[in-house]
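S.K.: This structure is in structure tokens; I'll ask about it shortly.
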Amino acid sequence: MLDPKIIELADTMIQLQFHERTKQLEHDILLVQNDAAMRGMGTSSPMVEVVYDLCARDVELRALIVWQNLMRVLSHAGTVPSATLADELKQAVSSYTKGIYVEPDERLHIVARNAGFEPWQSLMDARERAFTKVYAEIDLFVLGLTRRGESQSTSTGAVFNFYSPVGAVQTGPSANANVSQSINPQDREALVHALDIIKQGLDGVDRLPAHPKEEVIELVAEAQIEAGKPRPNGTKLQSISMGIATAIQTTDNRQPSARVPNIESGPYAVGYIPTVKLDGRYSYLPQDHYPSGG
């Protein structure tokens with residue numbers, strides 16, 4: 001059973017948007033009637049047909065409003081897939097049948113009757129099409145939840161091998177770390193070492209998922225130059241390092257963990273080591289790409 005709080009939150013947004021649709025439909029119908037009147041077709045069959053199309057579209061939009069707001073609340077609040085979830089969501093949408101159908105249908109019949117065309121074609125077909133589309137969206141939504149759940153339950157944790165001391169390892173999507181701006185000889189050595197590993201990884205990658213490889217190489221080179229100075233600028237190194245990390249991180253929000261670790265050497269989060277692309281994804285560099293010992 002759906003959480004009543006989810007239904008309540010979604011209903012608040014749905015009713016507000018239904019009210020907006022009512023005002024918009026009134027406005028659109030009035031524009032059509034005024035235009036038809038100026039053309040001497042104020043009570044014509046073509047005018048009623050245009051209004052019918054407006055009302056049929058309004059039915060479809062109202063059905064989408066219901067589903068999109070339900071999905072929005074579910075996405076923010078979270079939900080666990082179950083064998084009955086799709087049916088529960090479809091039932092929740094169908095409970096708004098009156099709000100979806102009655103208002104535009106009444107508007108259509110008023111226009112048709114005033115034009116002398118009563119009875120006019122109903123919006124039943126439009127309603128059925130609207131629900132068919134929304135139900136297909138619900139099935140897709142639930143399928144996605146189910147597949148992600150199956151993937152998370154069957155996936156195994158990656159094993160990371162490190163051959164030098166690291167301050168922290170973060171593997172969650174969009175992993176982050178707090179950094180300081182001080183640097184000592186040991187930190188500088190670790191930073192230079194990490195930058196060398198990153199450069200090796202970039203040499204073995206054709207491209208990066210979201211940023212030009214050449215730009216990232218320039219950032220690495222700039223960081224190496226700054227780290228080699230007698231008194232490196234800690235703020236500048238922090239900024240460059242975080243830029244490198246963001247640029248070459250491979251984030252897969254569909255998985256419980258990222259495929260590339262964030263390596264923090266001393267106070268500098270300089271990781272997200274680039275990797276060799278296999279089967280459309282990025283996997284870790286072979287162990288012989290890392291320095292031995294340490």
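S.K.: Of the numbered conditions (1) of a type outside the set (K, R); (2) within 33 Å of the chain's Cα centre (by Cα); (3) modelled with pLDDT of 75 or more; (4) surrounded by 21 or more Cβ atoms within 10 Å (Cβ to Cβ), P212 fails exactly one; give the number of that condition.
M.R.: Failing condition for P212: (4).
S.K.: Now for a separate question. Pairs please, first residue from segment 78-100 and in contact (Cβ under 8 Å) with a residue 24 or more places away in the chain, second anywhere and among the aliphatic types (A, V, I, L, M) and part of a loop (DSSP other than H, G, I, E, B), Cβ atoms under 6 Å, 6+ apart in sequence or on different chains.
M.R.: Once the first residue is in contact (Cβ under 8 Å) with a residue 24 or more places away in the chain and sits in segment 78-100, its partners that are among the aliphatic types (A, V, I, L, M) and part of a loop (DSSP other than H, G, I, E, B) give E88/L2.
S.K.: May I ask you to list the residues in segment 27-47 that are of a type in the set (D, E, K, R) and surrounded by 12 or more Cβ atoms within 10 Å (Cβ to Cβ)? Step through it out loud before you land on a result.
M.R.: Step one: of segment 27-47, the residues of a type in the set (D, E, K, R) are 28, 35, 39.
Result: D28, D35.
S.K.: Find all pairs meeting these conditions: Cβ atoms under 6 angstrom apart; at least six residues apart or on different chains; first residue within segment 1-22 and at pLDDT 95 or above; second residue surrounded by fewer than 16 Cβ atoms within 10 Å (Cβ to Cβ).
M.R.: Within 6 Å, no pair qualifies.
S.K.: Across segment 98-128, what is the number of residues that are outside any loop (DSSP other than H, G, I, E, B), surrounded by 15 or more Cβ atoms within 10 Å (Cβ to Cβ) and of a type outside the set (D, E)? Please lay out each step first, then the result.
M.R.: Start the filter on segment 98-128 by keeping residues that are outside any loop (DSSP other than H, G, I, E, B), which leaves 98-114, 124-128.
Retained after the next criterion (residues that are surrounded by 15 or more Cβ atoms within 10 Å (Cβ to Cβ)): 99-101, 103-105, 107-109, 111-112, 126-127.
Then drop every residue that is not of a type outside the set (D, E), which leaves 99-101, 104, 107-109, 111-112, 126-127.
Final tally of qualifying residues: 11.
S.K.: Any residue that is more than 26 Å from L9 (Cα to Cα) and of a type in the set (A, V, I, L, M) - is there at least one of those in segment 92-109?
M.R.: At the first step, the residues of segment 92-109 found to be more than 26 Å from L9 (Cα to Cα) are 105-109.
Now drop any that are not of a type in the set (A, V, I, L, M), which leaves 108.
So far as segment 92-109 goes, yes, one or more of its residues are more than 26 Å from L9 (Cα to Cα) and of a type in the set (A, V, I, L, M).
S.K.: Now, a different point. Please work out if R72 is under 27 Å from the mean Cα position of the chain (by Cα), assigned by TED's automatic domain parsing to the domain that holds R147 and of a type in the set (K, R). Steps first, answer last, please.
M.R.: Details: under 27 Å from the mean Cα position of the chain (by Cα): yes; assigned by TED's automatic domain parsing to the domain that holds R147: yes; of a type in the set (K, R): yes.
In short, yes.
The values are calculated or read from the model by the stated rules, or taken from the named source; none is laboratory data. Note that the coordinates shown come from a computational prediction; the quantities given were computed from them, not determined experimentally. For neighbour counting, all protein chains shown are included, and Cβ atoms are generated from backbone atoms with ideal geometry for every residue, glycine included.
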